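Asks: Structure below; questions to follow.
The values are calculated or read from the model by the stated rules, or taken from the named source; none is laboratory data. This is a predicted model, so every value here is computed, not measured. For neighbour counting, all protein chains shown are included, and Cβ atoms are generated from backbone atoms with ideal geometry for every residue, glycine included. Each accessible area value is taken on the protein alone, full model and side chains, heavy atoms only, with ligands, DNA and RNA left out. Shrake-Rupley method; radii C 1.70, N 1.55, O 1.52, S 1.80 Å.
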Amino acid sequence: MWTQLLLLLALAPAHWGSSLDELLAEPLRRIPYLHMLLRQGRQLQEDARNGDAMWFMRLTEVPHILHSYDERRPLELDSRLAELDKRASLVLVVSLAQLVAGSGAVGSADRAGVYFYIVADVPDSLSREQQLQLEQSSRRLWTQHKVFNRYILVAGAVWIYDPFAGEWDGDVMGYEEAFGRLIPYAGGEPLSTQLFHDMRGYPLRVQIFKSVYARPQLDPETGLLRSITGVDWEVALLITEGLNFTMLLQQPDKNYFGERSANGSYNGAIGSILNDGLDICLTGFFVKDYLVQEYMDFTVAVYDDQLCIYAPKASRIPQSILPIFAVGYDIWLGFILTAFVCALIWLLLRILNLRLHIVSAQRRRLWQQALGILVDTWVVWVRVNLSHLPESYAERMFIGSLCLVSVIFGAIFESSLSTVYIHPLHYKDILTLQDLDDSGLKVVYKYTSMADDLFFSETSPLYASLNKKLWWNRDLNADVTKEVATMGGKASVSRYSSLMMESVNFLLMRRIWIVPECPKYYTISYVLPRDAPWEEAINAQLLRMLNAGLIPKWIQDQKFRVTVRTRKALNEQAEATEVRVLTIGDLQLAFYVVIVGTLLASIAFLAEHVYFRRRLRQATKKL
């Protein structure tokens, strides 16, 4: 059988179908290979003799695979065609009745594939009645399955179905019948590009719900959508204008992105797409596996974001010990050690002067002089005047240098003290995920898409431990950020841009703290049904916006508006408390120092009293 077909091809005239060379050049350019389906049985040789079929088998440069099939049987039920997938490009020789009925193999068409139907039983051009029949059949296929990428070849002519041709009176219930016409194909671009230059006001169901870059405004009385602002809305307006479709805004879903239930169904935007209730969702989704890859697709990436952990800001250092933390540990250590080193240098000068007889011992032992030098060094070190000066001018000059150093240290302490009283200090914040794990805080999340792969237990013991601390807050309307800022006791996870724009007031007021080590980084895209006809056109519009820098500009504009609004509110609040008045509470440490000093002085007094009484007794015994 196949040998006869090859012989038939060899004897066929080479100039057949030259009109198809021009018409189908562009549509075939992007197709890697074709599956050629001829009707089985006695119709096989008749189909092979068809001029249009012979053009595909012989004259086209695209490789093809020959098959025989039963046109009355769906392709997926034919075991011989098991290798065909939904995205295959097929050439089918069919009868007009089968094509009009849309059943059998014709009914197996999928919107992801490209189909060339060769009508074998119409030798001449289509009559008006036949055109109307094919138009109605194509409209039904478009309405039910959104199949449009079909080229109908009749006696060398090519017909296509334009789903956007026609006039619409604005009636949402009947718009499917108002659109769609069967028209001759004049060549040029493939249908996936040509048809979507102008959708002629065709309605598309669009949903935009609340997110970082979208703010729907609902009517407080009816709860219906009133307006939308934000970056996603700007994108929606420009896409609508570029493709010329009518945007039928859907009510924002109360379940936002959507959650998977125990029976495997979804709610939210994902559920709407799965149930064919949505044509595109113009709210950004993380590009990740939602376990619905057979039903939902992503557009090109429009922006990116990090998934970060935020926790309560570390508590303020109490006023009673605040001066201790006014400077760093290194300055305190340097201040104390330098004092002892300077006392040691002074002692060495004293010993050298004693050896050279520059000064006299004045009946004081060396250890007594060393103790006096240590006390005098600390007196100078805290900028207090000495009651007497040593005899040696070398020692006096050294004391002068100590005074200068003490002035420098004092200036540092005083400036730091004034700063910490105006801008209070806090204890150490959580800086790493390990610190977060050590803190024992539970990590709260609202959307399962944020936590399902946040911490893979198999990655490391740290991630396994953090994964056990995740806790799901099922109330999607809960203000978790406010709870973390006001009540504390837990951490949460959110997008970095969301924190910087929606919770920037808590950040500036130092109520929450973003852990610098963010566990996830995502690209973000819009979503639409799998193999949606307008996917390629929408991607082209989004790429134009990105190349022009419009989306980054809108994001920066929104951030700027949020920053200005927040700064203005904080400045108004700061004006009310602009002057920081010190109170008796700020002197707690001073009183604590006096109390401790008094206790130490009392202990020293008792020690001296005991020491001198013992010496007095010893002197009395000797007498």
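Asks: Show me the ranking of peptides 186-197, 141-152 by mean Cβ neighbours inside 10 Å, starting with the highest. Please list the in-between numbers first.
Replies: Values: 186-197: 16.2, 141-152: 19.0.
Order by mean packing, descending: 141-152, 186-197.
Asks: A further question on this structure: With axes computed from alpha carbons, what is the tilt in degrees of helix 366-381 against the longest principal axis of the chain, rounded to the nearest 10 within 0 to 90?
Replies: Computed tilt is about 50 degrees.
Asks: When the accessible area of the chain is split by element with a 1.4 Å probe, what percent falls to carbon and sulfur?
Replies: Roughly 57 percent, rounded to a whole number.
Asks: Which of the pairs Lys428/Lys568; Lys288/Lys468; Lys86/Lys146; Lys446/Lys468; Lys446/Lys482; Lys446/Lys520 have their Cα atoms more than 18 Å apart in this structure?
Replies: Flagged as over cut-off: Lys428/Lys568; Lys288/Lys468.
Asks: Another one. How large is the helix-only mean residue ellipticity at 222 nm for the chain, computed as the sum of -39500 (n - 2.57) over DSSP H runs with n ≥ 4, divided by its residue count, in deg cm²/dmol to the nearest 500?
Replies: Working: 23 runs with 271 residues, N = 623.
About -13500 deg cm²/dmol.
Asks: Only four residue types carry charge here, +1 at the Cβ of Lys and Arg and -1 at the Cβ of Asp and Glu. Report the dipole size of segment 319-422 about the Cα centre in Debye, rounded to the nearest 20.
Replies: Taking the Cα centre of segment 319-422 as origin, the dipole is about 480 debye.
Asks: Another question, then. Using Cα-Cα distances under 8 Å and only pairs 6 or more residues apart, what relative contact order does segment 17-195 have, in percent?
Replies: In percent, rounded to a whole number, it is 22.
Asks: Continuing with the same structure: Please work through the chain and write down the cysteines that have no neighbouring cysteine Cβ at a distance under 4.7 Å.
Replies: Among the cysteines of the chain, those whose Cβ sits 4.7 Å or more from every other are Cys281, Cys342, Cys403.
Asks: Now, a different point. For labels at Trp378 and Leu291 in the simple 7 Å Cα→Cβ model, what's the distance in nm?
Replies: According to this spin-label approximation, the distance is 6.9 nm.
Asks: Of the listed values [x] 72, 32, 17; [y] 88, 26, 22; [z] 91, 30, 17, identify the label whose number matches semi-axes √(5λ) of the Cα gyration tensor in Å calculated from this model.
Replies: [y]
Asks: So with the 1.4 Å probe, I'd like the accessible area per residue for the chain, rounded to whole Å².
Replies: I get 54 Å² per residue for the chain.
Asks: Sort 48-55, 328-335 by packing, meaning the average of other beta carbons within 10 Å per residue, with the highest value first.
Replies: Values: 48-55: 19.9, 328-335: 11.9.
Ranked from most to least packed, the peptides come out as 48-55, 328-335.
Asks: Relative contact order of segment 319-422, please, whole-number percent, based on alpha carbon pairs below 8 angstrom and at least 6 residues apart.
Replies: 37 percent
Asks: How much of the DSSP beta bridge set in the chain is antiparallel, as a percent to the nearest 5?
Replies: 50 percent
Asks: Something else about it: How do the peptides 542-548, 155-161 rank, highest first, by the average count of neighbouring beta carbon atoms within 10 Å per residue?
Replies: 155-161, 542-548
Asks: Charges only on Cβ, +1 for Lys and Arg, -1 for Asp and Glu: so what's the dipole of the chain about the Cα centre, in debye to the nearest 20?
Replies: Numbers: 62 positive and 66 negative charges, 1099 e Å.
Around 5280 debye, computed over the chain.
Asks: Through the Karplus equation 6.51 cos²θ - 1.76 cosθ + 1.60, θ set to phi - 60°, convert the phi angles of segment 148-156 into ³J(HN,Hα) values in whole Hz; use x for Gly and Pro.
Replies: 9, 7, 10, 10, 9, 9, 10, 6, x
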